[in-house]
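Reviewing the structure listed below.
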Amino acid sequence: MEAEDRPAPDAAAPVRSVPPDWAALRRAADAAAARAYAPYSGLRVGAAGLCEDGQTVVGANVENASFGLTLCAECSLVSAAVTGGHGRLLAVTVSAGDGAPLAPCGRCRQLLYEHGGPRLLIDGGTGTAPQALADLLPGAFDAEALATRRQENAP
Ligand code: THU
């Protein structure tokens with residue numbers, strides 16, 4: 001595995017001292033939600049995230065006639081962060097375009113954990129403190145747990 005492909009341990013992730021501009025992230029998520037492809041559910045979802053390089057990435061849900069193949073907005077967001085080389089996610093907001101943040105689904109909490117770790121901040125909405133992802137996904141199974149268990153179970 002190349003060094004840049006290896007999952008970064010969260011302890012090594014730099015902590016940005018500048019607080020995220022949640023209003024700007026919400027605007028970006030709303031704009032992404034407007035570009036969603038959601039003809040089946042009718043729920044247009046957008047996501048915006050601040051990355052450790054200071055860039056903002058966005059994503060929107062992309063549905064499919066075979067419902068199970070639907071991509072959540074957070075999937076697109078993670079894909080944009082990785083393919084753009086923007087580093088780990090520091091703060092994320094998910095929006096259905098109605099002004100209130102949408103709680104990331106269980107699968108997306110796991111996806112976000114891989115690329116933001118337990119300290120990734122998830123928008124709680126105006127007047128509500130953001131939540132750390134560790135509080136939304138306690139006891140997460142992560143790269144470290146995988147490595148440990150593989151060693152333990154090695155023949
Ligand atoms: N959806 C997301 O994009 N993110 C979530 O965290 C929850 C659900 C999308 C998937 C589907 O296109 C629609 O919302 C209805 O479930």
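The values are calculated or read from the model by the stated rules, or taken from the named source; none is laboratory data. As the structure is a computational prediction, the values presented were derived from the model and not from experiment. Please note: Cβ atoms are built from the backbone with ideal geometry, for glycine as well, and neighbour counts cover all protein chains shown. The area values use the complete protein model at the heavy-atom level, side chains included, leaving out ligands, DNA and RNA. Shrake-Rupley method; radii C 1.70, N 1.55, O 1.52, S 1.80 Å.
Among (1) within 22 Å of Leu43 (Cβ to Cβ); (2) more than 12 Å from the ligand (Cβ to nearest atom); (3) of a type outside the set (Val, Ile, Thr); (4) surrounded by fewer than 13 Cβ atoms within 10 Å (Cβ to Cβ), which single condition is Ser79 missing?
(4)
When you check Ala103 against the structure, is it open to solvent by less than 40 Å² (accessible area, probe 1.4 Å), within 15 Å of the ligand (Cβ to nearest atom) and small (Gly, Ala, Ser), yes or no?
No, not satisfied.
Across region 51-66, which residue is least open to solvent (accessible area, probe 1.4 Å) among those that are of a type in the set (S, T, N, Q) and within 10 Å of the ligand (Cβ to nearest atom)?
Here the answer is Asn61.
If you check every pair at least six apart or on different chains, which have Cβ atoms under 9 Å apart with a residue in region 24-50 that is surrounded by fewer than 16 Cβ atoms within 10 Å (Cβ to Cβ) first and a residue that is of a type in the set (Val, Ile, Thr) second?
That search, which allows pairs on different chains as well, returns Ala24/Thr56; Ala31/Val58; Arg35/Val58; Tyr37/Val62; Tyr40/Thr70; Ser41/Thr70.
Given (1) open to solvent by 30 Å² or more (accessible area, probe 1.4 Å); (2) part of a helix (DSSP H, G or I), identify the lone condition not met by Cys108.
(1)
Working only within region 28-43, note down all residues that are more than 8 Å from the ligand (Cβ to nearest atom) and either part of a helix (DSSP H, G or I) or not aliphatic (A, V, I, L, M) (or both).
Pass one, region 28-43, residues more than 8 Å from the ligand (Cβ to nearest atom): 28-35, 37, 39, 42.
If the condition is that a residue be more than 8 Å from the ligand (Cβ to nearest atom) and either part of a helix (DSSP H, G or I) or not aliphatic (A, V, I, L, M) (or both), then Ala28, Ala29, Asp30, Ala31, Ala32, Ala33, Arg35, Tyr37, Pro39, Gly42 are the ones that fit.
Here are the criteria: (1) at pLDDT 95 or above; (2) in contact with a Gly (Cβ under 6 Å, 6 or more places away or on another chain). Tell me which single one Ala28 does not satisfy.
Just one mismatch for Ala28, condition (2).
Condition first: open to solvent by 50 Å² or more (accessible area, probe 1.4 Å) and over 9 Å from the mean Cα position of the chain (by Cα). Can you find one or more residues in region 112-120 that meet it?
Checked region 112-120: at least one residue is open to solvent by 50 Å² or more (accessible area, probe 1.4 Å) and over 9 Å from the mean Cα position of the chain (by Cα).
From the list Leu90, Leu69, which one is open to solvent by 60 Å² or more (accessible area, probe 1.4 Å) and either without any contact (Cβ under 8 Å) to a residue 24 or more places away in the chain or more than 16 Å from the ligand (Cβ to nearest atom) (or both)?
Leu69
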